[in-house]
Amino acid sequence: MENCIFCKIIRKEMPADLKYESDTVVVFPDINPSADIHLLIVPKKHIGGIKDLNESHGLLLAEIFQVASKLAAENNLENGLYRVAVNAGKAQHVPHLHFHLLGGQWKKMI
Ligand code: AMP
């Protein structure tokens with residue numbers, strides 16, 4: 001998707017501090033963090049949102065939650081409060097599926 005912000009980050013046309021990258025997923029910090037740790041886990045393939053998911057995305061979703069769990073451990077969140085969240089409908093502002101990993105002190109609602 002030519003004008004999608006997250007596609008531009010994935011194509012390395014826009015800067016982002018990548019914390020993790022695989023063939024299918026990238027992770028970078030949210031530019032406007034809602035918690036001490038606020039990472040975005042983003043599939044490389046442009047999927048608009050949860051309404052566009054189907055059974056063919058099962059492995060991708062498993063990888064996303066594995067990556068979330070690994071990054072939670074790396075950021076010492078495992079024994080504290082942390083959350084993996086997806087916005088949808090009018091709560092979703094970037095129309096490229098992404099999962100928020102939030103932990104530590106919350107500053108505001110996502
Ligand atoms: P959502 O409301 O779930 O669509 O969340 C989109 C998130 O993307 C927001 O928390 C924004 O702060 C974040 N965001 C938007 N542009 C960028 C960017 N260029 N780099 C990192 N995070 C971004």
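Observations, loosely collected:
- Flag for residue 55 being touching a residue at least 24 places away in the same chain (Cβ under 8 Å) and either over 21 Å from residue 2 (Cβ atoms) or touching a strand residue (DSSP E or B) at 6+ places or on another chain (Cβ under 8 Å) (or both): no
- Residue ID - nearest to residue 103 (Cα to Cα), chosen from residues in the stretch 14-53 that are acidic (Asp, Glu) and within 11 Å of the ligand (Cβ to nearest atom): 30
- Residues in the stretch 59-93 that are of a type in the set (Phe, Trp, Tyr) and under 13 Å from the mean Cα position of the chain (by Cα): 65 alone.
- Within the stretch 6-28, the set of residues being open to solvent by 80 Å² or more (accessible area, probe 1.4 Å) and either of a type outside the set (D, E, K, R) or not in a strand (DSSP E or B) (or both) comprises 11, 12, 13, 15, 17, 19, 23.
- Selection within the stretch 83-110 - closer than 13 Å to residue 36 by Cβ and open to solvent by 90 Å² or more (accessible area, probe 1.4 Å): 83, 105, 106, 107
Residue by residue, here is whether (1) more than 16 Å from residue 29 (Cα to Cα); (2) more than 15 Å from the ligand (Cβ to nearest atom) holds:
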position: 59; (1), (2): yes, yes
position: 62; (1), (2): yes, yes
position: 79; (1), (2): yes, yes
position: 84; (1), (2): no, no
position: 88; (1), (2): yes, no
position: 102; (1), (2): no, no
position: 105; (1), (2): no, yes
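- Close pairs from the stretch 23-41: first in contact (Cβ under 8 Å) with a residue 60 or more places away in the chain and small (Gly, Ala, Ser), partner assigned to a strand (DSSP E or B) and within 11 Å of the ligand (Cβ to nearest atom), Cβ under 8 Å, at least 6 apart: 34/100; 34/102; 35/102
The values are calculated or read from the model by the stated rules, or taken from the named source; none is laboratory data. None of these values were measured; they are calculated from a predicted model. Ideal geometry is used to build each Cβ from the backbone, glycine not excepted, and the neighbour counts take in all protein chains shown. Areas reflect the complete protein model, heavy atoms only, side chains present, ligands, DNA and RNA absent. Shrake-Rupley method; radii C 1.70, N 1.55, O 1.52, S 1.80 Å.
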